[in-house]
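The values are calculated or read from the model by the stated rules, or taken from the named source; none is laboratory data. Since we're looking at a predicted model, the values are computed, not measured. Heads up, the Cβs are rebuilt from the backbone with ideal geometry, glycines too, and the neighbour counts pull from every protein chain shown. When the accessible area is computed, the model is the full protein with side chains, heavy atoms only, and any ligands, DNA or RNA have been set aside. Shrake-Rupley method; radii C 1.70, N 1.55, O 1.52, S 1.80 Å.
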Amino acid sequence: MINKIEIQKEQALNAIKNGEFDKSITTSKEMVLIVLTQDWCPQWQALKTWLYDSTDVKADIDVYELEYNTTDYFEEFKTFKEEQLGNSEIPYLRFYRNGALIEETNYISKDRFTEIIGQ
């Protein structure tokens, strides 16, 4: 089951301050995906078409999503993502298993997604 969760402003600002997302996010399930993107991105739009409609996904995964260009802290978050996290492309996906970062990528296929989550 894929659980879609919006990253809240406080959570995003906390990540900027601490250099990483809080354990309450990265350990909310055994498998967690954080998606950092901008709403206009064609690859994000394509990814969304299958990500939240993956009824064949058996894993229980929390997907935290932030379309940071729609926020009032856009520049601050973009700088954090590009300089601290080291990724200037969108969408930017961070996979965690049991709280540990196991994979960083940008756009992926559904097959690669299921491979990463261990399905």
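Couple of notes before you dig in:
- Condition check for residue 30: of a type in the set (Asp, Glu), open to solvent by less than 40 Å² (accessible area, probe 1.4 Å) and in contact (Cβ under 8 Å) with a residue 60 or more places away in the chain: no
- Flag for residue 79 being more than 17 Å from residue 111 (Cα to Cα) and within 14 Å of the chain's Cα centre (by Cα): no
- Enumeration of residues in region 60-70 that are closer than 16 Å to residue 10 by Cα and in contact with a Lys or Arg (Cβ under 7 Å, 6 or more places away or on another chain): 65, 68
- Within region 10-119, helices (runs of 4 or more DSSP H) holding 3 or more residues that are at pLDDT 95 or above: 23-26, 42-51, 74-79
- Verdict on residue 96 being under 13 Å from residue 117 (Cα atoms), of a type in the set (Ser, Thr, Tyr) and open to solvent by less than 60 Å² (accessible area, probe 1.4 Å): yes
- Residue within region 53-66 that is open to solvent by 40 Å² or more (accessible area, probe 1.4 Å), of a type in the set (Phe, Trp, Tyr) and within 16 Å of residue 2 (Cβ to Cβ) present: no
- Applying a threshold of 9 Å to beta carbon distances and a minimum spacing of six or more residues, or different chains, the list of pairs starting in region 50-79 at a residue that is over 17 Å from residue 94 (Cβ atoms) and ending at one that is among the basic types (Lys, Arg) and in a strand (DSSP E or B) reads 52/4.
- One residue from 19, 118 being within 25 Å of residue 1 (Cβ to Cβ) and more than 12 Å from the chain's Cα centre (by Cα): 118
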